[in-house]
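Colleague: Quick one: the structure is below, and I'll ask about it shortly.
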């Protein structure tokens, strides 16, 4: 059985998770780096007879991971276990796919409002322009969604990381990519678990630039 949450509206997301908490306690959290563990959980059973509830979080951003999740959607739908697929940045195509298989889709997409161009910050970050990146961060941090900013930075930095690994021109060393990439990824995970404020974590990442 599948339930899905799409969108970044914090209040709507909190209400969705509150409603889903009635299903029971989540037994596994899966992020993109743990995707290989998803398929075995479809037929898994608990040693103590409790429900197996799996929270699949923001794994459909990458094409390879998205293809794997799409492949498994029919099996997850028919599974006795429960899969909560959380896609904050789902586009219309992903929402349509999830709607086809989900028992219920919680729509937490934000209402249209004045656009905040987070990609200016991404470009400055990629250039390692600490001063300009900090000024841009201060401009957008209170008007843009921190989840959207984190998502855009993570998307941009994955490209930087790939270029660095491949030996293409980059402003970052491989060790810096591993450090900064890890901090960006963990910022979302920690905020999702209620262990940190996402804005504070993103500020820390921006301040790592030299």
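Colleague: At a temperature of 25 °C and a viscosity of 0.890 mPa s, determine how fast the range 118-207 diffuses translationally according to Stokes-Einstein, using the Kirkwood radius over alpha-carbon pairs as Rh; express D in µm²/s, rounded to the nearest whole number.
Modeller: Values: Rh = 13.1 Å.
Diffusion coefficient, whole number: 187 µm²/s.
Colleague: In whole Å, what is the distance between the alpha-carbon centres of the range 80-129 and the range 1-79?
Modeller: Cα centres, the range 80-129 to the range 1-79: 15 Å.
Colleague: Let me ask another. Using a ≥ b ≥ c from the Cα gyration tensor of the range 2-107 (square roots of the eigenvalues), is it rounded, prolate or oblate, where a/c under 1.5 gives rounded and otherwise the larger of a/b and b/c decides, a/b for prolate?
Modeller: Details: a/c = 1.64, a/b = 1.15, b/c = 1.42.
Since a/c reaches 1.5 but b/c is at least a/b, the shape of the range 2-107 is classed as oblate.
Colleague: Something else now. As I understand it, the value is the acute angle between the Cα axis of helix 10-20 and the longest principal axis of the Cα atoms of the chain; what does it come to in degrees, rounded to 10?
Modeller: The angle comes out at about 20 degrees.
Colleague: Once R0 is set to 25 Å, what does the formula 1/(1 + (r/R0)^6) return for the Cβ-Cβ distance between residue 189 and residue 168, expressed as a FRET efficiency to the nearest 0.05?
Modeller: Numbers: r = 28 Å, r/R0 = 1.13.
So, using R0 = 25 Å, E works out to roughly 0.30.
Colleague: Normalised by the residues of the range 1-100, what does the relative contact order come to in percent, with Cα pairs under 8 Å and at least six apart? Before the final figure, lay out each step's value.
Modeller: On the way: 135 pairs, mean separation 42.2, N = 100.
Across the range 1-100, relative contact order equals 42 percent.
Colleague: Compute the length gained on full extension between residue 27 and residue 117: take 0.36 nm times their separation in residues and subtract their Cα-Cα distance, giving the result in nm to one decimal. Kindly include the intermediate steps, with their values, before the conclusion.
Modeller: Details: separation 90, 0.36 × 90 = 32.40 nm, distance 3.72 nm.
Once the chain is fully extended between residue 27 and residue 117, it gains 28.7 nm.
Colleague: Which angle from 0 to 90°, rounded to the nearest 10, does the C-alpha axis of helix 92-101 make with the longest principal axis of the chain?
Modeller: So the helix axis and the longest Cα principal axis differ by about 20 degrees.
Colleague: Let me ask something else. Sorted by packing (mean other beta-carbon atoms within 10 Å per residue), highest first, where do 23-33, 197-207 land?
Modeller: On the way: 23-33: 14.6, 197-207: 16.4.
Most protected by this proxy first, the peptides run 197-207, 23-33.
Colleague: Sorting check: for 63-73, 147-157, 86-96, which peptide has the highest mean count of neighbouring beta carbons within 10 Å, and how do the rest follow?
Modeller: Working: 63-73: 14.8, 147-157: 19.8, 86-96: 17.4.
Most protected by this proxy first, the peptides run 147-157, 86-96, 63-73.
Colleague: If one takes the longest principal axis of the Cα atoms in the chain, at what angle in degrees, from 0 to 90 and to the nearest 10, does the Cα axis of helix 198-207 lie?
Modeller: On a 0 to 90 degree scale, this one is about 30.
Colleague: Could you work out the relative contact order of the chain, using alpha carbon pairs under 8 angstrom and six or more residues apart, expressed as a whole percent?
Modeller: Reported as a whole number, the value is 23 percent.
Colleague: Add -39500 (n - 2.57) for each DSSP H run of 4 or more in the chain, then divide by its residues: what number comes out at 222 nm, to the nearest 500 deg cm²/dmol?
Modeller: Details: 9 runs with 111 residues, N = 210.
Using -39500 (n - 2.57) per qualifying helix, the result is -16500 deg cm²/dmol.
Just so you know, all these numbers are worked out from the coordinates, no wet-lab data involved. Quick caveat: nothing in here was measured; it's all calculated off a predicted structure. For neighbour counting, all protein chains shown are included, and Cβ atoms are generated from backbone atoms with ideal geometry for every residue, glycine included.
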